[in-house]
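Below is one structure; the comments refer to it alone.
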Amino acid sequence: PILMEDPVFRAGLDKKPADRREHPELHLCDLYEPIGSYVRAGLIDEELLIRPQFQNIIMNWDVLQPAIMIIRRKRPAALANFEYLAVRAQAWYDRFPKGDYPSGTPRAPGTDLWLAKDMAQSSPTDGA
């Protein structure tokens, strides 16, 4: 986000194509764009991809969206398949905000060994 404050950095995004040596963050766009296309075409099952990856897809879209909007100044359709993937991932999350673990299937036993310690560190001091 700090780099986006630099007008030279932003101007580099407006070039066609943007130089990946100056903008390595766009390699993520280059990864997600064809995957989104394959999902749209039905070559990759949407749920099989999105279920384990929805958080990464949404996070990367959110982080890269300001750069993508600059790219779209001259190329309005740029990275539409990445956008599609992000929208579908968000829709999946909206449907399953607590995940989609099968009901009726018991969960594996587990104990949060650090809960008490972490809660103690995050609670306000008693004025000491």
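Couple of notes before you dig in:
- Relative contact order %, the chain, counting alpha carbon pairs below 8 Å whose residues are six or more apart: 27
- Taking the 1.4 Å solvent-accessible surface of the chain as the whole, the part contributed by carbon and sulfur is 59%.
- Here the Debye sum runs over all C-alpha atoms of the stretch 1-60 as equal scatterers in vacuum, and log10 of I(q)/I(0) at q = 0.14, 0.24 Å⁻¹ comes out as -0.53, -0.97.
- Between the stretch 72-102 and the stretch 12-26, the alpha-carbon centres lie 23 Å apart.
- Here the Karplus relation 6.51 cos²θ - 1.76 cosθ + 1.60, evaluated at θ = phi - 60°, turns the backbone of the stretch 57-67 into coupling constants of 4, 4, 4, 5, 4, 4, 5, 8, 4, x, 5 Hz, with x for every Gly and Pro.
- The alpha-carbon of LYS16 sits under 18 angstrom from the alpha-carbons of these aspartates and glutamates, leaving out residues fewer than 8 places away in its chain: GLU25, ASP30, GLU33.
- Lysines with Cα under 19 Å of LYS15, excluding same-chain neighbours fewer than 8 positions away: LYS74
- Per residue accessible area in Å² of the stretch 1-52, where ligands, DNA and RNA are left out and the probe is 1.4 Å: 69
- Dimensionless Rg ratio for the chain, taking C-alpha atoms and the 2.2 N^0.38 Å reference: 1.45
- Distance between the modelled labels on GLU47 and LYS74, one decimal in nanometres: 4.3 nm (7 Å Cα→Cβ projection).
- Basic side chains Lys and Arg get +1 at the Cβ, acidic Asp and Glu get -1 at the Cβ, and with that the dipole of the chain about its Cα centre reaches some 440 debye.
- J(HN,Hα) series, the stretch 42-52, from Karplus relation 6.51 cos²θ - 1.76 cosθ + 1.60, nearest Hz, glycine and proline x: x, 7, 10, 5, 4, 5, 5, 7, 6, 3, x
- Put a dot 7 Å past the Cα of ALA120, heading toward its Cβ, do the same for GLU22, and the two dots end up 5.3 nm apart.
The values are calculated or read from the model by the stated rules, or taken from the named source; none is laboratory data. All of these numbers come straight from a predicted model, not from anything done at the bench. Counting neighbours? That spans all protein chains shown, and the Cβs are built from the backbone with ideal geometry, glycine included. In case anyone asks, the SASA skips ligands and DNA or RNA and just uses the protein heavy atoms, side chains included. Shrake-Rupley method; radii C 1.70, N 1.55, O 1.52, S 1.80 Å.
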